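The values are calculated or read from the model by the stated rules, or taken from the named source; none is laboratory data. Keep in mind it's a predicted model, so treat the numbers as computed, not measured. We place every Cβ from the backbone using ideal geometry, glycine too, and count neighbours over all the protein chains shown. The protein model used for the area step is the full one, side chains on, heavy atoms only, and it has no ligands, DNA or RNA in it. Shrake-Rupley method; radii C 1.70, N 1.55, O 1.52, S 1.80 Å.
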Amino acid sequence: MKPRDVIAQAWVITKKERILRKWGFVGALLRTMLNAKLFLFQAWLIYSYFILHNPIGFFTIERTLLTNLPTWLAVSIIMFFFLLLFIEWLFPHFAKGAIIGLGAKAYRKEEIKGGFILGLYNFFPLFALHEMLFISTWTTAITLGSLALRYGAGAGPIACVFIIASWAVSNIVEFFWVFSEEAVVVKKTGIKGGIRQSFKLVISYFGHVVFLVLLLFVIALRIVVNLFMVILVPAVVLGLGFVLATFLPPAVSYSITTLAGLVLIAFASYFFAYIEVFRQTVWTITYIELSALKELDVIEDGEEK
């Protein structure tokens, strides 16, 4: 199948299969909320460090809640916050298993059902694959760099150089692992088998320049849009909060700001769902098509005649 056909087929499936977009929306919503929290924390850190000259610590938010609210309410909010962080961190891997599996079924004209089972059975290998290269995401790299500068003293800049180098290497490795998740979900290869097969497919068909350029363009588009929205949403929320705080009571302004932030995140996640499902379906169709071809290093199948 030509690259243009892969892109067209992936877009048709994305628009047609509503259940895929539902999984994509929930995964994108939780991922956007997590990234927004990380960005807000880093923005607060920069403000406290350069403007207030009093950098915040790890548990500043928790101490502030315990100081200004009743203990039971503060503890409840803190527990809910950490539970939400835990869900935001784990659930996108669950959703990815469902998206890959259901996308493969849609491409093969099979009945589109079993998303929960696909997510459940493939969660741990997909989570392991992601965490092996956890530093490949820009949010993780920025967070680690911030920690290194805050607590690394004189070794902080050296640690940042190491983090940047690790981020670059991880992204190169991630490129060669691009089919590993699809191999795990579609053909149940396991983690090692998925990585091995992905390396082989990428190297074997590396010369298909147009094919790879189109796929990389899809990834780059998603990253740029995601980066823009993750920065824009917290910026709008912070700006609205400062404006409302000038003429409304703090409780009212915080409530309105929180509600507006949730609406903006939900709105952004709706578009992220299309982008994520489309991107993932492109890779799924590509994997199915390439893995069906005869391996380039095999001349005879080894069967006795």
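Brief remarks follow.
- From most to least packed by mean Cβ count within 10 Å, the peptides 171-177, 5-11 give 5-11, 171-177.
- Nearest-20 debye value, the stretch 40-187 charge dipole, Cβ charges on Lys, Arg, Asp, Glu: 140
- For the pair the stretch 167-196 / the stretch 61-103, the C-alpha centres are spaced 28 Å from each other.
- The residues of the stretch 1-140 expose on average 58 square angstrom of accessible surface per residue, using a 1.4 Å probe on protein heavy atoms.
- Flagged links, alpha-carbon separation over 32 Å, of K22/K294; K22/K192; K37/K188; K2/K192: K22/K294; K37/K188
- A straight chain from Y121 to W44 at 0.36 nm per residue would run longer than the Cα-Cα distance by 23.8 nm.
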